[in-house]
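Following: one structure in structure tokens, then a few remarks.
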Amino acid sequence: MPSSVVITLVIVAVVGVIAAIAAYYVMRFMKGSIKLSLPQTGFEPGQTITGSFDLETKKPIQSKKLIVSLIGLKITKTREGDKTRTRTQEIYRNEVLVEDAREYPAGHTAQHQFEIATPNTGSSDFMNSALGQTVGAALRLLSDRRTRLKWKVEARLDTKGVDLAASKSVSINMPQM
């Protein structure tokens, strides 16, 4: 295959990927938006995160559910020769249901308040659970400078098609294991 054909195929593929990403964001923008607000972003284990979010729909939306989640991600970077690879693994998720499935009319706006608990890593029940074991193992790995734990709060309107979502990073002071 001539090199000009290969270059053309690569350019077409890259343009196609960019067009798909742009289409996703345009479809999401056309549906509406969620704006998340947290008065505080630093927390201790077992503390409750409080906040609110504004939901705005631009066209009718049939939802599956409206939720707020606290998500813990273990991010590991490894070096293989000249390349650095980043691996992200979800190790914690706590979801709070705000609303069940329903239809939102076009032009719907609402503000929702929420509370969601951070993991109480000090309790023996938590540390003995499968989740506690996973979080404990992740925390032990954090002594390795290439591994870190990232927390975020996410508000999501789960819909048919493209979801509406917003997230904010938070920090939780996890104890040393």
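Cβ-Cβ contacts under 7 Å between residues 6 or more apart (or on different chains), taken from a first residue in segment 30-50 that is free of Cβ contacts under 8 Å to residues at least 60 places away in the same chain and of a type outside the set (Lys, Arg) to a second residue that is in a strand (DSSP E or B) and surrounded by 14 or more Cβ atoms within 10 Å (Cβ to Cβ), are listed as SER37/GLY51; SER37/SER52; SER37/PHE53; PRO39/GLY51.
With LEU38, LEU73, LEU66 as the choices, which residue is at pLDDT below 95 and among the aliphatic types (A, V, I, L, M)?
Just one listed residue meets the conditions, LEU73.
For beta carbons closer than 9 Å, sequence separation of 6+ or different chains, a first residue in segment 102-119 that is free of Cβ contacts under 8 Å to residues at least 60 places away in the same chain and a second that is in a strand (DSSP E or B) and among the aromatic types (Phe, Trp, Tyr), the qualifying pairs are ALA110/TYR104; GLN111/PHE53.
Filtering segment 90-114 to residues that are of a type in the set (A, V, I, L, M) and under 12 Å from LEU66 (Cβ atoms) leaves VAL96, LEU97, VAL98, ALA101, ALA110. Looking across segment 52-96, just one residue is crowded, with 16+ Cβ neighbours inside 10 Å, small (Gly, Ala, Ser) and more than 16 Å from the chain's Cα centre (by Cα), and that is SER63.
Can you pull out every residue in segment 38-75 that is in a strand (DSSP E or B) and among the small types (Gly, Ala, Ser)?
GLY42, GLY51, SER52, SER63, SER69, GLY72 - these are the residues of segment 38-75 that are in a strand (DSSP E or B) and among the small types (Gly, Ala, Ser).
Within segment 163-174, residues that are touching a residue at least 60 places away in the same chain (Cβ under 8 Å) reach partners that are β-branched (Val, Ile, Thr) and part of a loop (DSSP other than H, G, I, E, B) with beta carbons closer than 8 Å, at six or more positions or on different chains, in the pairs LYS168/THR41; SER169/THR41; VAL170/THR41; SER171/THR41; ILE172/THR118; MET174/THR121. Considering segment 76-102, and only residues there that are assigned to a strand (DSSP E or B) and among the aliphatic types (A, V, I, L, M), the residue that is modelled with the lowest pLDDT turns out to be ILE91.
The values are calculated or read from the model by the stated rules, or taken from the named source; none is laboratory data. The structure displayed is predicted, hence computed values, not measured ones. Virtual Cβ from ideal backbone geometry, glycine too; neighbours counted across all protein chains shown.
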